[in-house]
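What follows is a set of notes on a single structure, which appears directly below.
The values are calculated or read from the model by the stated rules, or taken from the named source; none is laboratory data. The structure presented is a predicted model; accordingly, all values stated were derived computationally and were not measured. As a convention, Cβ positions derive from the backbone with ideal geometry for all residues, glycine included, and neighbour counts pool all protein chains shown. For the accessible areas, the whole protein counts, side chains as well, though only heavy atoms, and no ligand, DNA or RNA atoms are used. Shrake-Rupley method; radii C 1.70, N 1.55, O 1.52, S 1.80 Å.
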Amino acid sequence: MISLSEENYLKAIFHLETTFKKGVSTNALAEEMETKASSVTDMVKRLSEKKLVNYKKYQGVKLSPKGRATAVEIIRKHRLWECFLVEKLNFNWDEVHEVAEQLEHVKSEKLTREIDRFLGFPKTDPHGDPIPDVEGNFIKTSRALLMECDEGETAVIVGVKDSSTAFLRFLDKNNLKLGSKMRLVHKEDFDDSVLVETETGELHLSKKIAANLFIRLTNES
């Protein structure tokens with residue numbers, strides 16, 4: 001049996017592995033989990049004993065096949081619950097993360113399958129993140145960050161890197177959502193802020209905002 005705390009660690013390691021290809025350091029994991037490095041070391045040892053991770057001192061920790069499958073299933077449940085809350089219970093996209101954090105630990109495989117079917121097998125969650133299918137496969141998506149665009153290019157918002165309440169409310173306030181179209185008018189050399197033309201007018205966005213918006217380039221001129 002895997003505890004709620006252990007599941008949270010597996011999910012955190014999964015996300016960190018995209019940055020730490022050779023192994024997630026205990027310090028990075030401690031920062032992600034907002035705890036002490038000594039507590040992380042104790043947890044990693046427990047996960048290793050359950051064959052959920054592979055850990056070597058000074059080389060970091062990596063998920064085992066069993067650990068990865070568990071982490072992906074947790075992510076699948078989290079993102080399906082976010083879809084359910086937004087589409088069926090009228091939650092806003094900035095309200096669902098914390099609720100889904102609780103619901104993702106429900107153990108019923110049947111419940112997960114039935115929610116997936118009920119929702120019509122969605123491919124992405126309300127924040128644009130891919131939802132793993134029942135076999136744990138993620139759909140391949142072509143996307144980049146707004147800050148990586150060149151002047152004159154047009155794009156559509158397809159996701160957010162930061163799903164915090166503050167960031168999502170900023171987007172709502174400025175009429176930016178998944179599917180919103182924009183053209184990058186100017187990129188400021190001094191601070192990498194950008195001026196974009198949206199469907200509702202021109203908008204200045206800071207480097208931090210541009211670094212947290214996933215877009216897909218379009219062929220519009």
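Give, rounded to the nearest 20 debye, the magnitude of the charge dipole that the chain has about its Cα centre when Lys and Arg contribute +1 at Cβ and Asp and Glu contribute -1 at Cβ. Display every interim value, and only then the final one.
Working: 34 positive and 37 negative charges, 258 e Å.
Here the chain has a charge dipole of around 1240 debye.
Using alpha-carbon pairs under 8 Å, 6+ residues apart, how would you state the relative contact order of the chain in percent?
Numbers: 322 pairs, mean separation 33.8, N = 221.
Once normalised by length, the contact order is 15 percent.
Any idea what the alpha-carbon Rg over 2.2 N^0.38 Å comes to for segment 89-131? Walk me through the numbers before you get to the answer.
Details: Rg = 11.0 Å, N = 43, 2.2 N^0.38 = 9.2 Å.
Cα Rg divided by the expected 2.2 N^0.38 Å: 1.19.
Would you list the membrane-span-like helices of the chain, meaning whole DSSP H runs whose alpha-carbon atoms span at least 27 Å along their axis and whose mean Kyte-Doolittle value is at least -1.0?
Details: long enough: 65-89 (34 Å, -0.19).
Counting only whole DSSP H runs, the qualifying helices are 65-89.
How large is the helix-only mean residue ellipticity at 222 nm for the chain, computed as the sum of -39500 (n - 2.57) over DSSP H runs with n ≥ 4, divided by its residue count, in deg cm²/dmol to the nearest 500?
Numbers: 8 runs with 90 residues, N = 221.
Dividing the helical sum by the residues of the chain leaves -12500 deg cm²/dmol.
Normalise the Debye intensity by I(0) for segment 1-149, one equal point scatterer per Cα, no solvent, then take log10 at q = 0.11, 0.14, 0.16 Å⁻¹ and round to two decimals.
Reported log10 I(q)/I(0), two decimals: -0.46, -0.73, -0.93.
Which lysines, on any chain, are close to Lys62 with Cα under 21 Å apart, when same-chain ones fewer than 8 places away are left out?
Correct list for Lys62: Lys11, Lys21, Lys22, Lys36, Lys45, Lys50, Lys51.
Expressed as a whole percent, how much of the Cα-Cα distance distribution for segment 111-161 exceeds 17 Å? Don't skip to the answer; put the middle values down first.
On the way: 610 of 1275 pairs.
So the portion of pairs separated by more than 17 Å is 48 percent.
Of Lys123/Lys177; Lys123/Lys173; Lys88/Lys110; Lys57/Lys161; Lys140/Lys173, which pairs sit farther than 28 Å apart, going by alpha carbon to alpha carbon? Provide the component values of the computation, followed by the final result.
Values: Lys123/Lys177 17 Å; Lys123/Lys173 26 Å; Lys88/Lys110 19 Å; Lys57/Lys161 31 Å; Lys140/Lys173 30 Å.
Checking Cα-Cα distances, Lys57/Lys161; Lys140/Lys173 exceed 28 Å.
Once you order the gyration tensor axes a ≥ b ≥ c over the Cα atoms, which shape class does segment 1-70 get: rounded for a/c under 1.5, otherwise prolate or oblate by comparing a/b with b/c? Please report the intermediate quantities before stating the final value.
Numbers: a/c = 1.31, a/b = 1.12, b/c = 1.17.
It is rounded, given that a/c, with a ≥ b ≥ c, falls under 1.5.
Take the Cα pairs of segment 148-221, get the Kirkwood Rh, then feed it into Stokes-Einstein at 37 °C and 0.692 mPa s and tell me D in µm²/s. Write out the running numbers ahead of the final one.
Numbers: Rh = 12.3 Å.
Estimated diffusion coefficient is 267 µm²/s.
Measure off, as a whole percent, the carbon and sulfur share of the 1.4 Å-probe accessible area of segment 136-221, all protein chains present. Please list the in-between numbers first.
Values: 2450 of 5160 Å².
So the carbon and sulfur contribution to the accessible surface is 47 percent.
Residue-wise, which Karplus ³J(HN,Hα) couplings in Hz belong to segment 206-217, taking 6.51 cos²θ - 1.76 cosθ + 1.60, θ = phi - 60°, and x for glycine or proline?
Running phi through 6.51 cos²θ - 1.76 cosθ + 1.60 with θ = phi - 60° gives 6, 4, 4, 5, 5, 7, 10, 10, 7, 10, 10, 5 Hz.
Quick one: pull the percentage of alpha-carbon pairs in segment 76-154 with a separation above 23 Å.
Details: 865 of 3081 pairs.
Within segment 76-154, distances greater than 23 Å cover 28 percent of Cα pairs.
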